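What follows is a set of notes on a single structure, which appears directly below.
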Amino acid sequence: MRILLFSGKGGVGKTTVSAATAYRLASLGYKTIVVSLDPAHSLGDAFDIPEEEKTRARGLPIRISENLYLQEIDIQEEVDRYWGDVYRFLELLFNTTGLDQVVSEELAILPGMEEVTSLLYVNKYYKEGEFDALVLDLPPTGESLRFVSMPTVLKWYMRKIFNVERTILKVARPVARRLTDVPLPDDEYFRALENFYEKLKGVDEILIDPEKTSVRLVANPEKMVLKESQRAFMYFSLFGVNVDAVIVNKVLPPTVESCEHFSKWVLTQKKHLEDMHALFYPVPVFTVPLMEDEVVGEERLKILSNLIYGDTDPITVLHREKPYEFVEQDGDYIVKLKAPFLTKEGLSVLKSDGEIVIRWKNFKSHVLLPRKLKDYEPRGAKIEDGYLKIFLLRS
């Protein structure tokens, strides 16, 4: 099964692009399910599904056509299905502090529950093999990164902390009950966590397998969107999740260039599009023109899918290799880029605004530095075995 994750800044059109991709996959004969992880669900609206039908589904899949299913995850329903004793303990804990019952119930849904619950479905659909393709409409960038990092964090907790915490509380619970009325998690709580983790096992390996999972960044040709997309690109790469395409949505058509109101917008967008090709090289960049009307319903999704992919099959892995990686060496770091065509003549490497800029003839590439490496400076570079290696030393 292929898993396609669509991420990007809020408002760029992730949901519409996800829906159009799922529609295209289904029309090509792939049994497809498109799942919304965004708490502000609008995926059903893209397919023009009546509100009462979504309400009846209660977060479970809705059949759109023979090959296409849609699911908008309802976290309250998922809490009842999967979190059980964990949720009930947290609700009791907040209620004990004197908070209102309704407030306690809301606070018991902690940040990360949505992402972890969504990962359950990724693992479930992958293991069951019912679908050929799973399309995930992720929430805005920050939550998307939490989604891909959650399996690693949870695995660390279960291996390093879980058993120790369980053992300590088993001993401390009888004593604590005599000293305080604050509830402590019982064994049902830990059993629920353990069962939950068992259902998630293996999902981290699925997410970092480029043959199975790809992230497609959705962006607009705007400066703020461009910067956030660049950061997302870096973080997905650091987590080892393959970014195989960037889809630039809402590009003004050249026909409006003669219009005085839009002429400056067209020039601004052209500049940002040029930057995007440099920033995300060698990942392919698809440009999608601004539609003449809102994209609602299958007919409009069909048009949009053709504009995005043309003759390309969306299930294809569009790019496989890591654009770059950071390698630690004796306290310093090396930035390693795949660049088989580079030569030393005319090559320059410099640091600017927290990123490394590589120039060679008409080629330009940018590597955004993680916060940990903000104080590091490039101190030399060499071309070796088809890679450009840039040596970073602390300034």
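State yes or no: is residue 297 open to solvent by 20 Å² or more (accessible area, probe 1.4 Å), over 23 Å from residue 208 (Cα atoms) and at pLDDT below 95?
Judged against the criteria, residue 297 is not a match.
Given the conditions (1) in contact (Cβ under 8 Å) with a residue 24 or more places away in the chain; (2) surrounded by 11 or more Cβ atoms within 10 Å (Cβ to Cβ), report the number of the one that residue 344 does not fulfil.
Condition (2) is where residue 344 drops out.
Considering each of 357, 367, 349 in turn, give the residue that is touching a residue at least 40 places away in the same chain (Cβ under 8 Å), closer than 24 Å to residue 236 by Cα and open to solvent by less than 40 Å² (accessible area, probe 1.4 Å).
Checking each option against the conditions leaves just 367.
Only one of 249, 242, 220 is modelled with pLDDT of 90 or more, within 22 Å of residue 320 (Cα to Cα) and crowded, with 18+ Cβ neighbours inside 10 Å. Can you tell me which?
242 is the lone residue from the list that is modelled with pLDDT of 90 or more, within 22 Å of residue 320 (Cα to Cα) and crowded, with 18+ Cβ neighbours inside 10 Å.
I'm trying to understand the selection: among the residues of region 11-47, which are under 20 Å from the mean Cα position of the chain (by Cα), part of a loop (DSSP other than H, G, I, E, B) and farther than 19 Å from residue 294 by Cβ?
37, 39
Could you tell me whether residue 286 is open to solvent by less than 50 Å² (accessible area, probe 1.4 Å), in a strand (DSSP E or B) and either farther than 27 Å from residue 124 by Cα or touching a residue at least 40 places away in the same chain (Cβ under 8 Å) (or both)?
Judged against the criteria, residue 286 is a match.
Identify, from the list 138, 134, 154, 145, the residue that is buried (at least 17 other Cβ atoms within 10 Å of the Cβ), over 19 Å from residue 238 (Cα atoms) and not hydroxyl-bearing (Ser, Thr, Tyr).
Values: 138 fails: over 19 Å from residue 238 (Cα atoms); 154 fails: over 19 Å from residue 238 (Cα atoms); 145 fails: over 19 Å from residue 238 (Cα atoms).
Of the residues listed, the single one that is buried (at least 17 other Cβ atoms within 10 Å of the Cβ), over 19 Å from residue 238 (Cα atoms) and not hydroxyl-bearing (Ser, Thr, Tyr) is 134.
Hey, among the residues in region 56-74 that are among the basic types (Lys, Arg) and over 22 Å from residue 304 (Cα atoms), which one's modelled with the lowest pLDDT? Explain how you work it out, then say what you get.
Filtering region 56-74 down to residues among the basic types (Lys, Arg) leaves 56, 58, 63.
In the following step, the residues that additionally are over 22 Å from residue 304 (Cα atoms) were identified as 56, 58.
Numbers: 56: 81, 58: 76.
Going through the qualifying residues, I end up with 58.
Identify all residues within region 232-282 that are of a type in the set (A, V, I, L, M), part of a helix (DSSP H, G or I) and closer than 17 Å to residue 368 by Cα; write none if there are none.
Correct list: 232, 234, 238, 276, 278, 279.
Can you find a residue that is more than 18 Å from residue 226 (Cα to Cα) and at pLDDT below 80 anywhere in region 371-380?
No, because not a single residue in region 371-380 is more than 18 Å from residue 226 (Cα to Cα) and at pLDDT below 80.
Could you list, in sequence order, the residues of region 370-379 that are in a strand (DSSP E or B) and either within 26 Å of residue 271 (Cβ to Cβ) or open to solvent by less than 40 Å² (accessible area, probe 1.4 Å) (or both)?
Across region 370-379, the qualifying residues are 376, 378.
Matching residues to (1) open to solvent by less than 90 Å² (accessible area, probe 1.4 Å); (2) at pLDDT 85 or above; (3) out of contact with any Lys or Arg (no Cβ under 7 Å at 6 or more places or on another chain):
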site	(1), (2), (3)
237	yes, no, no
259	yes, no, yes
263	yes, no, yes
273	yes, yes, yes
276	yes, yes, yes
303	yes, yes, yes
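Looking at region 375-395, which of its residues are out of contact with any helix residue (DSSP H, G or I) (no Cβ under 9 Å at 6 or more places or on another chain) and of a type in the set (A, V, I, L, M, F, W, C)?
381, 383, 388, 390, 391, 393 - these are the residues of region 375-395 that are out of contact with any helix residue (DSSP H, G or I) (no Cβ under 9 Å at 6 or more places or on another chain) and of a type in the set (A, V, I, L, M, F, W, C).
From (1) open to solvent by less than 10 Å² (accessible area, probe 1.4 Å); (2) polar (S, T, N, Q); (3) not in a helix (DSSP H, G or I), pick out the condition that doesn't hold for residue 229.
Status for residue 229: all satisfied but (3).
Take the residues in region 307-324 that are touching a residue at least 60 places away in the same chain (Cβ under 8 Å) and open to solvent by 70 Å² or more (accessible area, probe 1.4 Å); name whichever of them is farthest from residue 50 (Cα to Cα).
Once the filter is applied, the top-ranked residue is 322.
Let's see how each residue does on (1) at pLDDT 95 or above; (2) open to solvent by 20 Å² or more (accessible area, probe 1.4 Å); (3) of a type in the set (Lys, Arg):
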site: 3; (1), (2), (3): yes, no, no
site: 13; (1), (2), (3): no, no, no
site: 19; (1), (2), (3): yes, no, no
site: 23; (1), (2), (3): yes, yes, no
site: 30; (1), (2), (3): yes, yes, no
site: 37; (1), (2), (3): no, no, no
site: 42; (1), (2), (3): no, yes, no
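Show the residue pairs that are 6+ apart or on different chains and have beta-carbon atoms under 6 Å apart, the first residue being within region 204-221 and touching a residue at least 24 places away in the same chain (Cβ under 8 Å) and under 16 Å from residue 18 (Cβ atoms), the second being open to solvent by less than 10 Å² (accessible area, probe 1.4 Å) and part of a loop (DSSP other than H, G, I, E, B).
Short answer, once both residue conditions are applied: 215/241; 217/8; 218/8; 218/12; 219/8; 219/12; 220/12.
From 77, 53, which residue is surrounded by fewer than 17 Cβ atoms within 10 Å (Cβ to Cβ), at pLDDT 65 or above, in a helix (DSSP H, G or I) and touching a strand residue (DSSP E or B) at 6+ places or on another chain (Cβ under 8 Å)?
Working: 77 fails: touching a strand residue (DSSP E or B) at 6+ places or on another chain (Cβ under 8 Å).
Going through 77, 53 in turn, the sole match is 53.
When residues of region 305-327 are filtered for being in a loop (DSSP other than H, G, I, E, B) and at pLDDT 90 or above, how many remain?
The number of residues fulfilling the criteria is 10.
The values are calculated or read from the model by the stated rules, or taken from the named source; none is laboratory data. Everything numeric here is computed off the predicted structure, so don't read it as measured data. With ideal geometry, Cβ positions are generated from the backbone for all residues, glycine too; neighbour counts draw on all protein chains shown. All accessible areas refer to the heavy atoms of the entire protein, side chains included, with ligands and DNA or RNA removed. Shrake-Rupley method; radii C 1.70, N 1.55, O 1.52, S 1.80 Å.
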